[in-house]
Structure formats: structure tokens, C-alpha cells
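Trainee: Below is a structure I'd like to ask you about.
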Amino acid sequence: MNLEQHTTPETIKRIFEHYKAKRKNEHRPHLGGSQIGRDCSRALWYQFRWAWTPHFEGRMLRLFETGDREEDRVVKNLRDVGVTIWDRDPDTGKQVRFDACGGHFALSLDGVGEGFAESKEPHTLEFKTMNTKSFKALSAKGLETVNPTYWAQCQVGMHLSGLKRCYFFAVCKETDAIYGERIKYDAALSMKLIAKADSIVFSDLPPDRIASDPSSFACKFCPYWAVCWGCKIPEPSCRTCAHVTPERDGTWSCGKGWKADGLCDDHIYIPQIMPRGWEIIDASPDRVEYHDEEGEVVVNHKNSEELFDGRMQ
């Protein structure tokens, strides 16, 4: 049977476009515990400061949805074999959430489980999906070796929740095989990760780059490459403004006396996050003058949106 006449590429295209259209490109209000194990603190700082909005194709957004749906399936599987699962906060109806750094750093658990065949004590739960290659590596070497970022997420979840064990589950997307690993709490590592989050959240300036070469493998796939190594100006928001400071109580304060909840005409970029190659030639509290990489004079004074829009063209 010739199926070519029945295929509708335009329809598939529209499906993926629908995923893009319905996605709200909103920044997280906090630094996420699911990513604190990543090597580059600078990228995490850019994320926390809303310096750039990563964009995803519709196919990837659909793949994210597949991962979310698999979480519900694993929860059902566990309940079917007698494990008691708490996957929602009864007060909010959302995932169980814990925070630190006054609320600027937070992590939501996939759940808490009790009554496993291996142990009766409660465990935090983390669920992931993987391709066959990653799944085989995980099965052979264990989570800590194969994916330190996921390992760190599990450790932070135990630390913030006060539990001492985590049950990590991974589902292979191609074979539906399930990997399970019970992880012990590492207090030293967890406190190191919380200290890392604290240093990122309360730093006025971006941390050092992880590499000295923009073509480095560690950098070239980073969603913040354009503002870290490239010619793009960060997105204008309160968090990229030199007047705004994250406070220990989880709020943000503005040196101009505004509520730090939206862009205003007093916005002035933190000079150290402007494009690589820009040189400050004059500065005052409300005005910074630069030479850009081509030697042109660029003035940042009540025109941050204009500067950003100009670099996006």
C-alpha cells in the first residue's frame, strides 16, 4: 500500500506550530534545583536574571509533554504495586515544592513515596525519560556517573525535604524498560549545592565563564551563548538592571524606589552583561557610554528596549 498519498506534512507542521503558539515563554521566578548541578554557574546566573529566553521547536515541546505524561504513568504503576504516593501538595494542588535562599532557589519534587518492596521508609521521587543510549549507560554505570545534574537534583530534593533516601526512576523511550536506583543522602554535597545556589542568586555580576573559547563544547550548545559570547544584548527586565538587587527575604529591591516587577524608563543594563568586546568609556549611576566591537559609541540611558530591539534585527 502506498501511504504517501495519505501523509499530510502541512498538518504535522501545524501540530508543532500549535505547540509553539500555546507555549508561554515565561521565566521562572526562581533558580531551579533541577539545574543547580550543571557545571556553568554563569549560565545559571543568566537564567535567574532573565537575560535570555530559550526558544524550542514544536517537536521538542511535544517531547517535553511526553515526559510529563510518563510521570503520571509511573506514579500509577507504583500505586498499582502498593506504594503510597504523594505527588501533589493538598493546599495548592501542585507538585510538592521546597525552597532556600529566601525563596530565590526552589525545587519541586515529582513526589514522595512510601512502602517500597526494598524499604518502608519514605523516599523522594524523581522520574525521567531517556533514549536507549543514555538508558544503557545509566544501567551500566549508575546515575551519579552518567548524569551528575540529575544526581544533584536528587540530593537537593532530599536536603530540602528532610528525607534521607530518593528513588530515581528512568523510562527508556524506545523500549519502555524502567530503571530504578535508590540514592542515599549526601549532606556534604547537598550543602555545597545550596551554597552554590546562594552565590549565584546574590551575585551582582555574572560568574566567570566555564571556558575561554566560544567554540568550546561546554559552551556551543548553551541557550545563553548569544548573550555570553555573541553579539546579543540581554533582554531588558528588572533583573538585568543595575538598580535592582535580590534580597535575602526573597524579594527584589530597586535603587530608584520602583517596585521591581516590570520594566521602567530608569532601566540601565548591568555593564558586565553587555556584549563581549564592548568597552565602557564613561559612566554615571544613570548612564553608561560604550564603544562597541566596531568602535561605535553606544549610550545606555533610558533606551534599554531600543538597544535590545536594535540587536535583535
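The values are calculated or read from the model by the stated rules, or taken from the named source; none is laboratory data. Small disclaimer: the values here were computed from a predicted structure and weren't measured. Reconstructed Cβ throughout: ideal geometry from the backbone, glycine too, with neighbour counts over all protein chains shown. Accessible surface areas use protein heavy atoms only, side chains included; no ligands, DNA or RNA. Shrake-Rupley method; radii C 1.70, N 1.55, O 1.52, S 1.80 Å.
Trainee: Report, by residue number, each residue of the range 186-202 that is out of contact with any strand residue (DSSP E or B) (no Cβ under 7 Å at 6 or more places or on another chain) and either open to solvent by 30 Å² or more (accessible area, probe 1.4 Å) or closer than 18 Å to SER304 by Cβ (or both).
Mentor: Going through the range 186-202, the residues out of contact with any strand residue (DSSP E or B) (no Cβ under 7 Å at 6 or more places or on another chain) turn out to be 186-193, 195-196, 198-199.
ASP186, ALA187, ALA188, LEU189, MET191, LYS192, ALA195, LYS196, ASP198, SER199 - these are the residues of the range 186-202 that are out of contact with any strand residue (DSSP E or B) (no Cβ under 7 Å at 6 or more places or on another chain) and either open to solvent by 30 Å² or more (accessible area, probe 1.4 Å) or closer than 18 Å to SER304 by Cβ (or both).
Trainee: Taking only the range 230-254 into account, find how many residues are hydrophobic (A, V, I, L, M, F, W, C), farther than 24 Å from GLY103 by Cα and open to solvent by 20 Å² or more (accessible area, probe 1.4 Å).
Mentor: The total comes to 1.
Trainee: Conditions: (1) open to solvent by less than 60 Å² (accessible area, probe 1.4 Å); (2) assigned to a loop (DSSP other than H, G, I, E, B); (3) of a type in the set (A, V, I, L, M, F, W, C); (4) free of Cβ contacts under 8 Å to residues at least 60 places away in the same chain. ALA51 meets all but one. Number of the miss?
Mentor: The number of the failed condition is (4).
Trainee: Please enumerate the residues belonging to the range 290-299 that are in contact with a His (Cβ under 9 Å, 6 or more places away or on another chain) and either among the hydroxyl-bearing types (Ser, Thr, Tyr) or closer than 21 Å to PRO206 by Cβ (or both). Break it down into steps so the answer makes sense when it comes.
Mentor: Going through the range 290-299, the residues in contact with a His (Cβ under 9 Å, 6 or more places away or on another chain) turn out to be 297-298.
Hit for the range 290-299 is VAL298, nothing else.
Trainee: Inside the range 112-134, can you point out the residues that are in a helix (DSSP H, G or I) and surrounded by fewer than 15 Cβ atoms within 10 Å (Cβ to Cβ)?
Mentor: Matches in the range 112-134: THR132, LYS133.
Trainee: What are the residues in the range 255-276 that are open to solvent by 50 Å² or more (accessible area, probe 1.4 Å) and either more than 17 Å from TRP50 (Cβ to Cβ) or of a type outside the set (A, V, I, L, M) (or both), if any?
Mentor: Taking the range 255-276 first, the residues open to solvent by 50 Å² or more (accessible area, probe 1.4 Å) are 255-259, 261, 263, 265, 272, 276.
Those that are open to solvent by 50 Å² or more (accessible area, probe 1.4 Å) and either more than 17 Å from TRP50 (Cβ to Cβ) or of a type outside the set (A, V, I, L, M) (or both): GLY255, LYS256, GLY257, TRP258, LYS259, ASP261, ASP265, GLN272, ARG276.
Trainee: Regarding ASP80, is this residue open to solvent by 80 Å² or more (accessible area, probe 1.4 Å), farther than 30 Å from ALA188 by Cα, at pLDDT 95 or above and of a type outside the set (Lys, Arg)? Don't jump to the end; show me each part of the working.
Mentor: Working: open to solvent by 80 Å² or more (accessible area, probe 1.4 Å): yes; farther than 30 Å from ALA188 by Cα: yes; at pLDDT 95 or above: yes; of a type outside the set (Lys, Arg): yes.
For ASP80, the condition - open to solvent by 80 Å² or more (accessible area, probe 1.4 Å), farther than 30 Å from ALA188 by Cα, at pLDDT 95 or above and of a type outside the set (Lys, Arg) - is met.
Trainee: So TRP45 fits all but one of (1) part of a helix (DSSP H, G or I); (2) under 13 Å from ASP110 (Cα atoms); what number is the exception?
Mentor: Only one criterion is unmet by TRP45, namely (2).
Trainee: Additional query: Answer yes if at least one residue in the range 147-157 is among the β-branched types (Val, Ile, Thr), surrounded by fewer than 16 Cβ atoms within 10 Å (Cβ to Cβ) and either under 19 Å from the mean Cα position of the chain (by Cα) or at pLDDT 95 or above (or both), and no otherwise.
Mentor: First, pick out the residues of the range 147-157 that are among the β-branched types (Val, Ile, Thr): 149, 156.
Next, from what is left, pick out any that are surrounded by fewer than 16 Cβ atoms within 10 Å (Cβ to Cβ): 149.
Narrowing further to those that are either under 19 Å from the mean Cα position of the chain (by Cα) or at pLDDT 95 or above (or both): 149.
Yes, the range 147-157 contains a residue that is among the β-branched types (Val, Ile, Thr), surrounded by fewer than 16 Cβ atoms within 10 Å (Cβ to Cβ) and either under 19 Å from the mean Cα position of the chain (by Cα) or at pLDDT 95 or above (or both).
Trainee: On to the next question. Give ALA226, ALA137 a once-over and let me know the one that is over 23 Å from LEU31 (Cα atoms), open to solvent by less than 40 Å² (accessible area, probe 1.4 Å) and not basic (Lys, Arg).
Mentor: Just one listed residue meets the conditions, ALA137.
Trainee: Working only within the range 283-310, note down all residues that are open to solvent by 80 Å² or more (accessible area, probe 1.4 Å), over 17 Å from GLY255 (Cα atoms) and not β-branched (Val, Ile, Thr).
Mentor: Result: GLU293, GLU294, GLU296, GLU305, GLU306, ASP309.
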